[in-house]
Every structure is written in structure tokens, then in C-alpha cells.
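These notes concern the structure reproduced below.
The values are calculated or read from the model by the stated rules, or taken from the named source; none is laboratory data. What you are looking at is a predicted structure, and each value in this text was computed from that prediction instead of being measured. All Cβ positions, even for glycine, are placed from backbone atoms using ideal geometry, and neighbour counts span all protein chains on display. The protein model used for the area step is the full one, side chains on, heavy atoms only, and it has no ligands, DNA or RNA in it. Shrake-Rupley method; radii C 1.70, N 1.55, O 1.52, S 1.80 Å.
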Amino acid sequence: MAGIEKKNVTKSKIVNYIINHKATSKVELSKDLNISMPTVLSNVKELLAGGIVIETGEYESTGGRKAKKISINPAYRYAVGIRITAKHIGFVLVNMKYEIEKYERIRLEFSTNTSYYSKIREELEAFLKDVENRERILGIGISIPGIVNLENRMLVKSHALQLENYSLNFLEQVFSLPVYFENDANAAMRAEDLNRYKNALYLSLNNTLGGAFCIDGKLILGENQKAGEFGHIILVPGGKQCYCGKRGCADVYCAASALTDDTSQTLEQFMQQLEERKESAQQVWQEYLEYLAVLISNLRMAYDMDIILGGEVGGYLSDYMIPLEEKVMKYNGFDHDARYLKICSYKREASAVGVAKYFLQEFIKDI
């Protein structure tokens, strides 16, 4: 490896470590990354001078000089994430610490008309109107429910949007910044810390059910970009009709829409009724958890890795993990507990966060 390339790799490794820790020190960097102290010192000095990292205080003294706390400068760069669904658009502004600086969700029914693209541009401009240092925004990531061919800027198939072999160039040309497209579930998986979850599966419990998984910290897309389509595993043979045309798909029983479609209410309203212990909501919820437990058990047997529960429903599940784990264990005789079940890091617009992180991670590679 050439000297300058090796230096960039080392610097990127240091930056990634700092991002994933609230604060750190030069000693910790040297020890945890197995990098010599002189190398750490020279790299941190450059990062401080460039404003990429900042000193945020001091650690308690252990007898000598107090070590400086080092953190990433969140305002150094930003990226925008947009989540497109059949009925809504979600916007996020993500900083260098992978924090959501700003979030907004609006109702906007998907359309292939040019007026739809113009509306997205207008709404994005309104979303960013009070953002200072707009020149620090690296790009716009767009998550889409469907199979995306990034090389050809093509949406190969989307049941949710009722599209097939649809060019994404029209959407890309609306924006003045670089644009990156990704499947929504893959983007949600990317939102997680893949250093922490080297091998993990992400279950995206939105109005449609999606999924993704990574091995050795890398997303597995499959030969035809279809890996992780857990929503269309047959859960109940001959069961309810799925929007894909089949019957009994997991999507019909485990997507967020399974909780709301029959009552025409929002998920937030349903969860409020559940919190108020309304009998009708409790009955629907128990049935939902039962089907979800079957799906989780099947996925655990197939993949034998951590399962991250995400999407809109995943954001609420932290308060209901004990009853869910009890149901999962009823179907799984191979594990002694359900500690492999994890709650997602981002409870809102995880797909938008993940696709925005793409630009920040690419930027870090070239630091």
C-alpha cells in the first residue's frame, strides 16, 4: 500500500472510531486501534487543525497531565436523506456524528408526474431554508421501497410503488447536489453501526415489511439485488391476500399496516390505544406479536445472527420486548434466551438516515 494511501486509511480508521464514541483520548485511540502513539499524535493534530475533530474537555487526572477529550465536529459536514413511500416523504439532515439535526415527514402520494418531483424539490428547499453553511452538505441520499439497480439508475421493481424498470434519472435531475439511491431496508441496515453488528439481520417493520442483512460488516444484496425480501416469505399458506399477488406473505401479518388498515388510523393512534389498554387494540397487538414471533423464529433458524427490529413498529417495541421474547421462545427450542433480539438505533426515518450516511462514509474514506 502506497504511503499516502496507508495514511488515509489510518486517518479514516481514527475518524470512524471517534464518530462511534461520544468522546475518546489519544491513549484510547492508540490502544483500541493498535496504532502507535506517534502515528495517533500526528493524525489527531492534522484532524484538529482541519476542524474535523474538536477537544471537548478533559478526563479526570490519574496522576499525570489530564488527557484531552476528543470528539468529532458534528458541523463539519452534513448529508440529506429522503425516504420515499407510497403515501409519504421523510426528510432528515444528518451531521458528521450521524445525528439527526432535523427531521420532517409530510404526506405526499407517489406519482411519476413531473409535478411530484417538483414538489419534492420545493419541500426539500423549505426543509433546508434555515440551515446555515449549506455548502457543507455533501449530497442527497434517497431510499426507495423496491429493487434498485444503482449502476443504471433504475428501479427494477417496486410492488409498493407499482413500478417496474423505471428510470430514476428524472428524480436525480431535480437536485443540484449529488444523489445516491438505495433500497429502503438496505438503507435502514446501513443506519446501524456495522462495526458493532458484524453479522446481523434487520427487520424493517414499516407499512410494508422489508429486510436486509450483513456478514462481516458488509451488506449482502444477492445475485439479483433481492436478498432480504422477508416480507414475501409465506407465513400462512393460503392466508390473507398480499399486495404482491400471493397469499399468506409475512407482510400481511407483520407490517405496520397489519395494525392500522382495518381501522383506518395511524400507527401512533393505534399505539396510544394500546397504551390506554383498549381491549380491541390489545387483541390485535397480541395477534400481531404472535405472527411476528413466528417470523423471527424462522429467520433466527435460517441465519443464526442478531435480529434488529426496526421500522415504525420497531420504534415502539422496546416497551413490549418481554411478551415478544416469550412468544419467540415458544417457537424456538434451540436458543436458551432471546438476547439476539435488538432494537434499532434510529426510531424515525432509519432508511433516510442510512442513505444519508453513505455520503458521510464516502467522505471519511478520502479524508
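The residues of the chain present an accessible area of 50 Å² per residue when probed at 1.4 Å with all protein chains retained. Taking every protein chain into account, the 1.4 Å probe leaves Glu99 with about 80 Å² of accessible area, to the nearest ten. Taken one residue at a time, the phi angles of the stretch 251-257 give Karplus couplings (6.51, -1.76, 1.60, θ = phi - 60°) of 4, 5, 9, 10, 6, 4, 5 Hz. Gly and Pro are set to x.
Among the aspartates and glutamates, which have Cα under 19 Å from the Cα of Lys45 when same-chain residues fewer than 8 positions away are ignored? Qualifying aspartates and glutamates at Cα under 19 Å: Glu5, Glu28, Asp32, Glu55, Glu58, Asp366.
Rounded to the nearest 10 square angstrom, Ile234 shows an accessible area of 80 square angstrom against a 1.4 Å probe.
Computed from these coordinates, which is Rg and Dmax of the Cα atoms in Å: [x] 22.1, 71; [y] 21.1, 66; [z] 27.0, 107? Step by step, Rg and Dmax of the Cα atoms in Å for this structure corresponds to label [x]. Between the amide H of Lys157 and those of Ile147, Asn165, distances stay under 5 Å, these residues lying 5 or more places away or on another chain, with hydrogens modeled in the peptide plane. A DSSP coil position with no more than 16 other Cβ atoms inside 10 Å describes the following chymotrypsin sites (Phe, Trp or Tyr not before Pro) in the stretch 287-364: Phe334. Across the chain, Cα pairs under 8 Å and at least six residues apart give a relative contact order of 17 percent. When the C-alpha to C-alpha distance is required to be over 32 Å, the pairs from Lys97/Lys246; Lys68/Lys129; Lys157/Lys330; Lys119/Lys226; Lys97/Lys342 that qualify are Lys97/Lys246; Lys68/Lys129; Lys157/Lys330.
Taking only DSSP H segments of four or more residues, each worth -39500 (n - 2.57), what value at 222 nm results for the chain once the sum is divided by all its residues, to the nearest 500 deg cm²/dmol?
Taking each H run of at least 4 residues, the total per residue is -11500 deg cm²/dmol.
Take the Cα of Asn8, step 7 Å toward its Cβ, do the same at Gln361, and the gap between the two points is 1.8 nm. Based on Cβ point charges of +1 for Lys and Arg and -1 for Asp and Glu, what charge dipole magnitude is obtained for the chain about its Cα centre, in debye rounded to the nearest 20? Roughly 1080 debye for the chain.
Once C-alpha pairs closer than 8 Å and six or more residues apart are averaged by separation and normalised to the residue number of the stretch 58-126, the relative contact order reads 21 percent.
Once you reduce the stretch 164-228 and the stretch 269-296 to the center of their Cα atoms, the two points are 28 Å from each other. For the chain, with all protein chains in place and a probe radius of 1.4 Å, 46% of the accessible heavy-atom surface sits on carbon or sulfur. DSSP beta bridges confined to the chain are antiparallel in about 65 percent of cases.
The mean sequence separation of alpha-carbon pairs under 8 Å and at least six residues apart, normalised by the residue count of the stretch 204-262, gives a relative contact order of 34 percent.
In this structure the amide hydrogen of Ile142, modeled in the peptide plane, comes within under 5 Å of the amide hydrogens of Ile82, Tyr180, Phe181, Glu182, none closer than 5 places in sequence on its chain.
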